[in-house]
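The values are calculated or read from the model by the stated rules, or taken from the named source; none is laboratory data. Here the structure is a predicted model, which is why all the values come from computation and not from measurement. When we count neighbours, we look across all protein chains shown, and the Cβ atoms used for this are built from the backbone with ideal geometry, even at glycine.
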Amino acid sequence: MEWLLKLKPDADEALKIAALGHDIERAIKEQKIRRKNYMSYDEFKKAHALNSAKILKEIMTMCNVRKELVDDVFFLVSHHEIGGDKRVDVLKDADSISFFHVNLPYYFVRNGVEETKKRCSWGYKKLPCNLQELAVKFNYKDKKLGQLVMAWIVRKGSGLHS
């Protein structure tokens, strides 16, 4: 939500709900999508987005939220990893930059160097140029992580710089 509002201060109700709920499936252990069950990272992320959209739709429907809003949120969340139109793109961008700003240190601790390198590469490529420039300016408490991110993203020899 923080990044959504930085990127689009006038975000509508559906975008705000989508920003808050786009990863809801991760909070429900029995329904959580597992990376190991998918051949590619893109397939995994597509399944994750659809699963979160379905869960959020079920919750909103149980709460008697109007159908138009439920359908709009479902669309936004189910496409938040790939984008596709202006509204979904801003949600994708907010989610992607938030990974670098907030989630990356935790991801690094849980997943180690190689998996974090892959995830950084994947996420960095999704960002528009202005947010790529911002992502490399974040400071991390873990100096090793900060050095690794710079090596992965900034060095032209890394193959990640676009």
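The table for this structure:
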item	result
Residues satisfying the stated conditions in segment 90-142, i.e. under 14 Å from Trp152 (Cβ atoms) and in contact with a Gly (Cβ under 9 Å, 6 or more places away or on another chain)	Phe99, Phe100, Leu104, Ser121, Ala135, Phe138, Tyr140
Residue list for segment 99-140, restricted to those being of a type in the set (Gly, Ala, Ser) and crowded, with 18+ Cβ neighbours inside 10 Å	Gly123, Ala135
Contacts under 9 angstrom Cβ, first residue in segment 52-72 being without any contact (Cβ under 8 Å) to a residue 40 or more places away in the chain and within 18 Å of Ile28 (Cβ to Cβ), partner of a type in the set (S, T, N, Q) and loosely packed, with under 14 Cβ neighbours inside 10 Å, 6 or more apart	Lys54/Gln31; Ile55/Gln31
Exclusive hit being touching a helix residue (DSSP H, G or I) at 6+ places or on another chain (Cβ under 7 Å) and surrounded by fewer than 17 Cβ atoms within 10 Å (Cβ to Cβ), set Arg66, Arg35	Arg35
Selection from segment 147-162 of residues that are assigned to a helix (DSSP H, G or I) and either in contact with a Lys or Arg (Cβ under 7 Å, 6 or more places away or on another chain) or at pLDDT 80 or above (or both)	Gln147, Leu148, Val149, Met150, Ala151, Trp152
Leading residue by the ranking (modelled with the lowest pLDDT) among those in segment 33-43 that are closer than 20 Å to Leu127 by Cβ and assigned to a helix (DSSP H, G or I)	Tyr41
Lys143 at pLDDT 95 or above and exposed (fewer than 12 other Cβ atoms within 10 Å of the Cβ)	no
Helices (runs of 4 or more DSSP H) contained in segment 44-146 and holding at least 2 residues of a type in the set (Ser, Thr, Tyr)	86-98, 104-126
Flag if Val77 is crowded, with 20+ Cβ neighbours inside 10 Å, under 19 Å from the mean Cα position of the chain (by Cα), of a type outside the set (D, E, K, R) and modelled with pLDDT under 95	no
Within segment 86-114, tally of residues that are of a type in the set (D, E, K, R) and farther than 15 Å from Lys45 by Cα	5
Selection status of Lys92, among the basic types (Lys, Arg) and surrounded by 12 or more Cβ atoms within 10 Å (Cβ to Cβ)	yes
